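This report concerns only the one structure given below.
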Amino acid sequence: MRSKKVVTATLCASVVVLLTANAFGQKDPGPRGGPAAAGGVYPTLNANEKAFFNQAFTRFLEVDSVSGTVPGEDGTGLGPTFNGNSCKQCHAQPAIGGSSPGLASPQNPVPNPQVALATLEGATNTVPSFITANGPVREARFVRNSNGTPDGGVHGLFTIAGRSDAPGCALAQPNFAQQLAANNVIFRIPTPLFGLGLVEMTPDITLRANLLSTFNQKVALGIGGAFNTSGNDGTITRFGWKAQNKSLLIFAGEAYNVEQGVSNELFPNERSAVPGCVFNSSPEDYTNIVNDSGSTMGTASDMSSDVVNFANFMMLSAPATPASPTPSTTNGSILFNRVGCALCHSPSLTTGPSRFTGMGNVTYHPYSDFALHHMGSVLADGITQGAAGPEQFRTAPLWGVGQRLFFLHDGRTSDLLQAIQAHSDCNGGGRGQPGGFRQGGGCSSEANRVINNFNSLSPSQQQDILNFLRSL
């Protein structure tokens, strides 16, 4: 056992290191300016595939009202509960298909659209305290039900009560203030959608081989990793904060149902279908067997449901393009590997054969292994999804991180340095989550030793890593 003097000296030395580092001023340079480095179609696709992408993109822009009767909101199926009224509302930074918009965007500075959405078309919602004009778009999940059993589901921020197109609906919002006081709310922010077709086309065997390829290095740093899998066929699930969704189609169908309240062919039952608040037959989104003119003819996009279009928009989109390297970002990339970040944030993976032109057997750079890792008490959210436990998360892909505004699953910080420190639950980094679930202390994060390695770097070396991340 070390003496108290030794422990005190160690703590003092750590404080000196942190103070010295701060004195040198290493900091997150912030979201990269210039044009959006993402948002386009995958470049090698043929003319028909590109046409489908462009039509699917148009569907992605659709704004929903309750029955499609409001001018400018001609999509059908909003509510009875919802968090947004359009895919583009949440996936907007730095371009359509990205992550949460915000006022700090160099490309399109806008306030959180959920604030205005609360009272759109006469709705009588109150904006919850965790939704602010300068904060991220969020959804809310409750950790426990009122009887103490696990919940984990999304509780819609708003209802259609009071809207001009929902006469007679009196559905109340959840009592978020009460649930926050009970430490029972956790948040999730939108994940970017660029390049996800490449992820879906990556074979399970490739993901498993990648996870095993650095086994010895991981063990030395206390890193594990396991995949979330489908309970039906046992294959790897890879989409969502806890890799809870199997495919882009399921990912799109769930989001349409949960975030906008639109029932569809994958999730055909209306959520919160209380009397007086259901105005359409189900599913509200469906395959167009007969188009508007009464003909059975049309393009694949015309005949497909919104959900199929959304999935193909993600499938056929190009990944974000990184900035040109500089001496600092090149050194940062080397250090990113040296300290151990790349053991989870895998720089490269390769797709398998693909039915889409030029997308098969392609090496791409997601900076993720798409596996679950134990992230410890600072990041724990108390939610179980499939094989992902209360403090396990899928490695967040870092491609495109250079132009993102908010970080971590709940958007608690806009500072990459704070996000890095929050990976550790031994050094106090990242504490101060805004409301919601908190778990007892400990040293259980698989990233603890990696963060120790990062903290041992000189201030200029840490700055190089931050610059490298902002170049992605």
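Between SER272 and ALA118, the simple spin-label model (points 7 angstrom out along Cα→Cβ) gives 1.4 nm. In straight-distance terms, cross-link reach from LYS218 covers every one of the aspartates and glutamates whose alpha-carbon lies under 12 Å from its own, apart from those fewer than eight places away in the same chain; here that gives GLU446. Between SER164 and ARG355, the simple spin-label model (points 7 angstrom out along Cα→Cβ) gives 4.4 nm. Stretched out straight at 0.36 nm per residue, the stretch from LYS27 to ARG338 would grow longer than its current Cα-Cα span by 110.0 nm. In degrees between 0 and 90, to the nearest 10, how far off the longest principal axis of the chain does helix 47-60 point, with axes built from Cα atoms? Its long axis makes an angle of about 90 degrees. Three principal axis extents describe the C-alpha atoms of the stretch 253-362; from largest down they are 60, 37, 24 Å. Sorted fewest first by neighbouring Cβ atoms within 10 angstrom, LYS242, LYS218 come out as LYS218, LYS242.
Here, the stretch 112-263 is characterised by an Rg to Rh ratio of 1.06, where Rg is the alpha-carbon radius of gyration and Rh the Kirkwood radius. For SER324, SER346, SER129, SER414, the sequence from fewest to most other C-beta atoms within 10 Å is SER324, SER129, SER414, SER346. Once Rg and the Kirkwood radius are both taken over the C-alpha atoms of the chain, their ratio Rg/Rh works out to 0.97. Tell me the angle of helix 4-24 to the major Cα principal axis of the chain, expressed in degrees between 0 and 90 and rounded to the nearest ten. The angle comes out near 60 degrees.
Working value for the stretch 322-393: equivalent-ellipsoid semi-axes of 27, 22, 9 Å, each the square root of 5 times a Cα gyration tensor eigenvalue, largest first. Could you tell me the calculated FRET efficiency between ALA209 and ASN147, based on Cβ-Cβ distance and R0 = 45 angstrom, to the nearest 0.05? With a Förster radius of 45 Å, E is 0.55. The calculated pair-distance distribution of the stretch 27-127 uses every alpha carbon pair, bins of 10 angstrom beginning at 0, and gives 14, 36, 32, 17, 3 percent.
Sort the following peptides by mean Cβ neighbour count (other Cβ atoms within 10 Å, averaged over residues), highest first: 257-270, 105-118, 202-215. Intermediate results must be reported in sequence, preceding the final value.
On the way: 257-270: 21.3, 105-118: 17.0, 202-215: 15.2.
In decreasing order of mean packing, 257-270, 105-118, 202-215 become 257-270, 105-118, 202-215.
Principal axis extents of the Cα atoms in the stretch 109-174, from largest to smallest and rounded to whole angstrom, are 36, 36, 14.
Every number in this text was worked out from the coordinates using simple rules, so none of it is lab data. Owing to the predicted nature of the structure, the values given are computational and were not obtained by experimental measurement. Backbone-built Cβ (ideal geometry, glycine too); neighbour counts: all protein chains shown.
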